[in-house]
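Notes to accompany the following structure.
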Amino acid sequence: MRSELSEIEHVPDEPLEARGATVLGSAVDAFIEADVCVTMVADDDALEAVAPEVLAGARPGTTLVDMSTVSVAASQRVAERATAAGVEFLRSP
């Protein structure tokens, strides 16, 4: 299984790179080769900031899995954006 990373706040990537992860330039790159993208962010604002970037690079038929603890309303807004982009959305807090 291949792991790719993109972060809102920078933390050291080197330990994960050393174990085989690929560090992405931005969240837009998340779906370039992957069929599934997992987001796990701190709150509604963070999810709604990163989701448009992730979805901008998505291909129809891919899946966005959100594991953030966010409000139902924020999750629904992102789900609607994903559906409009042809992306499946799975809530998995």
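The values are calculated or read from the model by the stated rules, or taken from the named source; none is laboratory data. Because the structure is predicted, anything quoted here is derived from the model rather than measured. We place every Cβ from the backbone using ideal geometry, glycine too, and count neighbours over all the protein chains shown. When the accessible area is computed, the model is the full protein with side chains, heavy atoms only, and any ligands, DNA or RNA have been set aside. Shrake-Rupley method; radii C 1.70, N 1.55, O 1.52, S 1.80 Å.
Using only side-chain charges placed at the Cβ, +1 for Lys and Arg and -1 for Asp and Glu, the dipole size of the chain relative to its Cα centre rounds to 360 debye.
Find out how many positive minus negative residues lie around Phe89, taking Lys and Arg as positive, Asp and Glu as negative, among other residues whose Cβ is under 10 Å from that of Phe89. Display every interim value, and only then the final one.
Numbers: positive: Arg81, Arg91; negative: Asp66, Glu80, Glu88.
Local net charge: -1.
Surface composition of region 6-93: carbon and sulfur make up 55 percent of the accessible area, probe 1.4 Å.
Each Lys or Arg adds one and each Asp or Glu subtracts one; over the other residues with Cβ under 13 Å from the Cβ of Ala56, this totals 0. Accessible surface area normalised per residue over the chain is 62 Å², counting heavy atoms of protein chains with a 1.4 Å rolling probe.
For Val23, the residues whose modelled amide H falls within less than 5 Å of its own, excluding neighbours fewer than 5 places apart on the same chain, are Leu5. Basic side chains Lys and Arg get +1 at the Cβ, acidic Asp and Glu get -1 at the Cβ, and with that the dipole of region 19-70 about its Cα centre reaches some 280 debye.
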